[in-house]
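Before any comments, here is the structure.
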Amino acid sequence: MKRIVLLEYGAGNTRSVGFALERLGVAYSVESIPVDDAAGYILPGVGAAPSARRALEENGWWSWLEEARAPVLGICLGLQLMSRSSEEGKVGGLGHFETVTRAFQKAPIVPHMGWNSVKSKGSRLLEGVPDETDFYFVHGYRLDDFPESTGVTSYFDDFAVVAEKDLFYGVQFHPEKSGEAGARVIQNYVDLCFG
């Protein structure tokens, strides 16, 4: 049976994402080493880029993610790891999105935590979600805007929060903690995987 795989690498919110998939009736498994038989993969993330990359390299997921052959959704840190690099620990990223992960410069309070509206720029992940819908964020780093960005928000300046390119998708917010709108984003991703 086809399923969604949640990558387990000690990044924190795997359980919350799993519960979100269960609520949608989606079959999933949590895997700590690469498997190639899933319809899609979710790279969840709460933590720091250097330790996340190290853990993904140690269990073989990093090299798998460089050449993924099924849709991958990065959440929060998972999205940031898909950029070219991160200022956090001067870590190289997977390079799927032509941007850099940077620390907030203008924000007086970091991490950015709470609900912010997201403006779609033609996002497939945001289909069926009203524009300017609020999603839940908690992060200290953010992506510069870039061509593959399909959603933006503003927290003392505008920055990219949704990205889509080829088989790679990412959201800076936490859809698993964003109520009905977040469930719609996850369902849209699942539909892309099984569609």
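The values are calculated or read from the model by the stated rules, or taken from the named source; none is laboratory data. Predicted model, so just to flag it, every value in this text is computed and none were measured. With ideal geometry, Cβ positions are generated from the backbone for all residues, glycine too; neighbour counts draw on all protein chains shown.
Restricting to region 14-54, name every residue that is of a type in the set (S, T, N, Q) and in contact with a helix residue (DSSP H, G or I) (Cβ under 6 Å, 6 or more places away or on another chain).
Here is the first cut: in region 14-54, the ones of a type in the set (S, T, N, Q) are 14, 16, 29, 32, 51.
Passing the criteria: only Ser16.
Which of the residues spanning region 146-172 are surrounded by fewer than 15 Cβ atoms within 10 Å (Cβ to Cβ) and either of a type in the set (Ser, Thr, Tyr) or touching a Ser or Thr at 6+ places or on another chain (Cβ under 8 Å) (or both)?
As a first pass, look at region 146-172 and keep what is surrounded by fewer than 15 Cβ atoms within 10 Å (Cβ to Cβ): 147, 154, 156-158, 166.
Residue satisfying the conditions is Ser154 alone.
Hey, Tyr189 hits all of (1) surrounded by fewer than 20 Cβ atoms within 10 Å (Cβ to Cβ); (2) in a helix (DSSP H, G or I) but one; which does it fall short on?
(1)
Among all residue pairs at least 6 apart or on different chains, which show Cβ distances below 6 Å where the first residue, located in region 89-117, is at positive phi and the second is surrounded by 12 or more Cβ atoms within 10 Å (Cβ to Cβ) and part of a helix (DSSP H, G or I)?
Cβ pairs passing all conditions: Gly89/Ala49; Gly89/Pro50.
Among the residues of region 120-145, count how many are within 16 Å of Thr99 (Cα to Cα) and surrounded by 20 or more Cβ atoms within 10 Å (Cβ to Cβ). Can you show your working first?
Taking region 120-145 first, the residues within 16 Å of Thr99 (Cα to Cα) are 141-145.
Retained after the next criterion (residues that are surrounded by 20 or more Cβ atoms within 10 Å (Cβ to Cβ)): 141-143.
The total comes to 3.
May I ask you to verify whether Leu56 is closer than 19 Å to Val162 by Cβ and surrounded by 13 or more Cβ atoms within 10 Å (Cβ to Cβ)? First the steps, then the outcome.
On the way: closer than 19 Å to Val162 by Cβ: no; surrounded by 13 or more Cβ atoms within 10 Å (Cβ to Cβ): yes.
It is false that Leu56 is closer than 19 Å to Val162 by Cβ and surrounded by 13 or more Cβ atoms within 10 Å (Cβ to Cβ).
Could you tell me which numbered condition Gly10 fails, if it satisfies all but one of (1) over 22 Å from Ala163 (Cα atoms); (2) at pLDDT 95 or above; (3) in contact with a Ser or Thr (Cβ under 9 Å, 6 or more places away or on another chain); (4) small (Gly, Ala, Ser)?
Of everything listed in (1) over 22 Å from Ala163 (Cα atoms); (2) at pLDDT 95 or above; (3) in contact with a Ser or Thr (Cβ under 9 Å, 6 or more places away or on another chain); (4) small (Gly, Ala, Ser), Gly10 misses just condition (2).
Residue check, Ser86 against (1) surrounded by 15 or more Cβ atoms within 10 Å (Cβ to Cβ); (2) among the small types (Gly, Ala, Ser); (3) on the phi > 0 side of the Ramachandran plot, all met but one. Which one?
Here Ser86 clears every test but (3).
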